[in-house]
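The values are calculated or read from the model by the stated rules, or taken from the named source; none is laboratory data. The model shown is predicted, which means the values in this text are computed figures rather than measured ones. For neighbour counting, all protein chains shown are included, and Cβ atoms are generated from backbone atoms with ideal geometry for every residue, glycine included. To get the accessible areas, we keep the full protein, side chains included, count just its heavy atoms, and leave off ligands, DNA and RNA. Shrake-Rupley method; radii C 1.70, N 1.55, O 1.52, S 1.80 Å.
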Amino acid sequence: MKRELKVQLAGVLENQALARSIAAAYAAELDPTIDELTEIKTAVSEAFSNAALHGYGGEKDEDGKIAQVQRPVFMEFSLIAPQTIMIRITDKGRGIEDIAKAMEPMFTTDVGQNRSGMGFTVMESFTDKLKVDSRPGEGTTVTMIKKLDTYYGF
Ligand SMILES: Nc1ncnc2c1ncn2[C@@H]1O[C@H](COP(=O)(O)OP(=O)(O)OP(=O)(O)O)[C@@H](O)[C@H]1O
Ligand SMILES: [Mg+2]
């Protein structure tokens, strides 16, 4: 596929900034507006933190190399039409029992006070299309499509 980028990184929150930067680097060549760039980075950030926190349970691995193998998050970026980016973020973690419920605004399974349950809502509002595929015990794939304003070269 055209302009395809596939990355695998360890699903730990320490890599969240890296995931954002990779998304920004991919989108940058399409001359996004500052707002579009922020939206892409934020949507990827939410999907990545979900993979790390919920998919893999949030525990930290002592050994980065083992983490890379055992908690992989796959990020795929491709250009599916002019100025149209498809982003796919996959984890092989615990999966989601009820996807529709998980996607409701303010729904969280987090027992602490840190999560607002707005990750999917943010992904939905910052992209043109959001699709979640998940199987309990197998993992989750979040697919997002983002159309950028056409750049006319001036
Ligand atoms: N990759 C995933 N693997 C397993 N469960 C997930 C995954 N992504 C989301 N979930 C489930 O869906 C719920 C809602 O996710 P969402 O991102 O909307 O909210 P949150 O992560 O709980 O809070 P916030 O994103 O606002 O910090 C999560 O609480 C979790 O139960
Ligand atoms: Mg979240």
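Of the residues VAL111, VAL122, VAL69, which single one is at pLDDT 95 or above and of a type in the set (A, V, I, L, M, F, W, C)? Criteria check complete, one pass: VAL122. For the range 115-136, give me each residue that is near ligand 1 (Cβ under 7 Å from one of its atoms) and not in a helix (DSSP H, G or I). Correct list: ARG115, SER116, GLY117, MET118, SER134. Within the range 115-122, does at least one residue satisfy the condition of being open to solvent by 80 Å² or more (accessible area, probe 1.4 Å) and more than 17 Å from LEU53 (Cβ to Cβ)? No, that holds for no residue.
Residue by residue through the range 68-108, note down the ones that are in contact with a helix residue (DSSP H, G or I) (Cβ under 6 Å, 6 or more places away or on another chain) and more than 16 Å from ligand 2 (Cβ to nearest atom). The answer is PHE77, and nothing else.
Taken together, ALA100, ALA27 contain a single residue that is buried (at least 19 other Cβ atoms within 10 Å of the Cβ), modelled with pLDDT of 95 or more and either under 16 Å from the mean Cα position of the chain (by Cα) or more than 8 Å from ligand 1 (Cβ to nearest atom) (or both), which is ALA27.
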